[in-house]
1. Please work out if PHE585 is surrounded by 12 or more Cβ atoms within 10 Å (Cβ to Cβ), closer than 21 Å to GLY509 by Cβ and not aliphatic (A, V, I, L, M).
2. Can you tell me how many residues within region 178-213 are over 18 Å from SER326 (Cα atoms) and in contact (Cβ under 8 Å) with a residue 24 or more places away in the chain?
3. Identify all residues within region 228-261 that are in a loop (DSSP other than H, G, I, E, B) and exposed (fewer than 13 other Cβ atoms within 10 Å of the Cβ); write none if there are none.
4. Kindly indicate whether any position in region 191-208 is of a type in the set (Asp, Glu), closer than 27 Å to GLN533 by Cα and touching a Gly at 6+ places or on another chain (Cβ under 7 Å).
5. Give me the pairs, please: first residue somewhere in region 508-521 and in contact (Cβ under 8 Å) with a residue 40 or more places away in the chain, second residue anywhere and hydroxyl-bearing (Ser, Thr, Tyr) and assigned to a strand (DSSP E or B), beta-carbon distance under 6 Å, and either six or more positions apart or on two chains.
6. Of all the residues that make up region 354-392, how many are within 20 Å of GLU338 (Cβ to Cβ) and either under 21 Å from the mean Cα position of the chain (by Cα) or among the aromatic types (Phe, Trp, Tyr) (or both)?
7. Is it the case that some residue within region 316-325 is over 19 Å from ILE133 (Cα atoms), outside any helix (DSSP H, G or I), at pLDDT below 95 and of a type outside the set (A, V, I, L, M)?
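The values are calculated or read from the model by the stated rules, or taken from the named source; none is laboratory data. Predicted model, so just to flag it, every value in this text is computed and none were measured. FYI the Cβ positions are ideal-geometry reconstructions off the backbone, even for glycines, and counts take in every protein chain you see.
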Amino acid sequence: MKTYPVHSDIAAQAQITESQYHELYSYSIKNPQEFWAQKAREFLSWQRDFSVVSESDFNQARIKWFADGELNVCYNCVDRHLDSRGEKTAIIWEANDASDSKSYTYKELYQEVNRMALLFRKLGVGKGDRVIIYLPMIPELAFAMLACARIGAIHSVVFAGFSSEALSDRIRDCSAKLVITANQGLRGSKTIELKEIVDKALVNAPSVEHVLVHQRTNSNCPMAAGRDLVLNLELEKVSGDLEPAIVGAEDPLFILYTSGSTGKPKGVLHTSAGYLLYAAVTHKYVFDYREDDIYFCAADIGWITGHSYIVYGPLANGATTVMFESVPNYPDPGRYWEVIDRHKVNIFYTAPTAIRSLEKEGAEWPAKYDLSSLRVLGSVGEPINLDAWNWYYQNVGRNRCALVDTWWQTETGGILITPLPGATPLKPGSATSPFFGIVPTLIDDDGKEIVEQAGKGRLCIKHSWPGQMRTVYGDHERFKATYFSEVPGMYFTGDAAERDQDGYYWIRGRVDDVLNVSGHRLGTAEIESALAQSPMVVESAVVGFPHPVKGTGIYAFCIAEGEISDLAEAEKAVKNTVREVIGPFAAPDIVHFVSGLPKTRSGKIMRRILRKIAEGDLDSLGDTSTLADPGVVTEIAASRKNLS
């Protein structure tokens with residue numbers, strides 16, 4: 001594997017050199033209390049200083065950071081910048097139609113967030129109340145998050161591609177008091193009826209007292225008297241300043257639902273000080289952020305990347321952050337590159353799925369634009385394949401930008417393994433080295449730690465860090481069982497990894513039944529539960545398979561209810577069921593109707609065999625003699641050939 005040395009121009013300007021990284025990393029793991037205490041006071045403003053840094057016990061799944069400290073997250077992201085950065089642009093909103101785009105200074109952001117917070121207070125929302133935010137990528141999404149933080153409410157952003165049923169599950173799980181949505185969402189050439197989805201979700205969600213509806217388009221939508229209010233009109237009725245509520249460092253900031261290996265999504269809970277600190281520190285060092293940089297993370301705020309690296313991390317650092325409402329190929333495949341050229345973006349962060357889709361359109365698209373402002377490129381969501389890495393580095397970075405291939409999770413709050421610009425020689429496809437304070441390790445099949453340099457195993461983290469999730473909302477036992485029972489005394493990531501002779505880490509995918517589809521984590525049980533709601537499906541088994549754009553595709557083996565007269569229509573109907581239950585992004589790429597599933601005599605589905613079949617690897621299915629009906633495998637394999 002070719003190693004790319006640190007580019008001389010990047011190295012000359014970088015905040016941290018290679019030797020400084022090793023020195024600071026060593027200090028951070030030998031003296032974590034001192035390291036994080038220093039960073040907490042450097043990066044955050046405290047209303048009440050802390051006296052204890054960390055009190056964490058992985059055996060009991062108890063995690064606390066700066067527990068006796070007090071602060072306000074919104075104050076740290078907005079108010080404290082007013083004197084020195086009041087006229088600096090805080091948010092550049094790049095609308096679906098570029099002609100609608102708008103920018104907000106920190107002073108304007110302060111005003112918008114205050115109005116939103118005053119409105120929430122007027123509606124009876126207070127400290128600890130849960131607020132569901134179901135909005136497209138518009139500025140009001142960031143305003144709402146920060147307004148919740150300002151009054152001490154707990155927000156839960158739900159990706160505006162989830163179905164009404166998935167939305168309802170999340171509303172009910174956290175007993176939300178308020179929902180914020182829009183009449184419609186715009187995404188490329190598509191219009192999404194968000195308010196209709198919310199109305200369906202609220203049929204079985206009695207905790208919701210009010211729905212605030214932003215008029216994103218001129219289209220009218222049904223409004224329930226006494227419950228629904230037009231956000232734009234209600235904001236005109238409030239004005240003034242609202243003092244930020246002072247909260248404890250360990251008070252909850254937000255809940256973000258993520259798929260697990262069971263059908264029920266997990267409410268990942270992050271708290272105030274530790275999360276914000278880790279988002280800010282990683283944003284500064286991983287992206288080599290500097291005061292006058294224009295920073296563009298092309299993620300959706302409905303996922304953790306948008307929380308940490310569009311809103312909280314950049315704004316805590318007083319950065320100019322770009323919010324992107326559209327899709328990378330609208331109105332043409334040059335949209336990203338045109339945005340970078342027009343705004344003179346210095347740092348660009350996106351997913352391998354987006355890179356692969358743009359790679360297919362050809363290098364002539366980025367070549368049309370002036371990308372010379374770029375200094376750092378980032379990749380997030382899944383391991384990036386070699387072809388995509390090289391295309392990104394050569395055609396977007398023009399062989400001179402640092403490329404940070406980051407590994408982290410919703411649960412981690414921020415980046416754990418990553419190169420640092422100017423400090424880390426790059427290996428395409430490798431997440432490279434741990435961030436400050438992070439101690440990863442590999443555990444073999446016997447539960448033993450692989451202590452030599454090179455090896456393969458389950459990726460675990462040995463010690464706590466400030467951005468770590470604190471619990472699964474309302475179910476701490478699930479938190480303990482999911483992350484701390486597999487390898488006692490360590491945080492189990494659920495990923496397999498390899499460490500090479502140079503100590504570089506290579507992420508090799510999930511070891512549980514969770515698929516990483518275009519950077520979205522989807523539990524196979526969750527998809528199978530949705531498939532069960534189709535009247536055409538008696539039983540199903542879902543596995544992943546290599547997909548040229550998504551990285552991992554969804555392959556559903558389904559046993560049909562009765563005879564199928566029109567196979568194409570049946571496949572379409574089954575996919576639509578998943579679209580309606582979870583959302584379009586969870587619909588199977590392939591629906592394969594079969595007469596039976598390979599099961600052991602105890603009834604366990606042999607997913608290993610199904611994965612081989614889905615991948616088209618029909619010559620290495622292994623021993624099937626122990627199955628209850630070995631003939632099922634032969635039949636499925638034969639029908640798989642007909643699908644090819």
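1. On the way: surrounded by 12 or more Cβ atoms within 10 Å (Cβ to Cβ): yes; closer than 21 Å to GLY509 by Cβ: yes; not aliphatic (A, V, I, L, M): yes.
Answer is yes for this residue.
2. 21
3. Filtering region 228-261 down to residues in a loop (DSSP other than H, G, I, E, B) leaves 236-246, 249-251, 259-261.
Correct list: GLU236, LYS237, SER239, GLY240, ASP241, GLU243.
4. Step one: list which residues in region 191-208 are of a type in the set (Asp, Glu), which gives 193, 196, 199.
Adding the requirement that they be closer than 27 Å to GLN533 by Cα leaves 193, 196, 199.
Then drop every residue that is not touching a Gly at 6+ places or on another chain (Cβ under 7 Å), which leaves none.
No; the residues of region 191-208 include none that is of a type in the set (Asp, Glu), closer than 27 Å to GLN533 by Cα and touching a Gly at 6+ places or on another chain (Cβ under 7 Å).
5. Cβ pairs passing all conditions: ASN516/THR552; VAL517/THR552; ARG521/THR258.
6. Summing the residues that are within 20 Å of GLU338 (Cβ to Cβ) and either under 21 Å from the mean Cα position of the chain (by Cα) or among the aromatic types (Phe, Trp, Tyr) (or both) in region 354-392 gives 12.
7. Within region 316-325 (the criterion being over 19 Å from ILE133 (Cα atoms), outside any helix (DSSP H, G or I), at pLDDT below 95 and of a type outside the set (A, V, I, L, M)), the answer is no, since none of the residues qualifies.
Here is a yes/no grid of residues against (1) touching a Pro at 6+ places or on another chain (Cβ under 7 Å); (2) over 19 Å from ALA245 (Cα atoms); (3) buried (at least 24 other Cβ atoms within 10 Å of the Cβ); (4) in the same structural domain as GLY226 (by TED's automatic domain parsing):
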| site | (1), (2), (3), (4) |
| --- | --- |
| ARG130 | no, no, yes, yes |
| ALA153 | no, no, yes, yes |
| PHE159 | no, yes, no, yes |
| ALA182 | yes, yes, yes, yes |
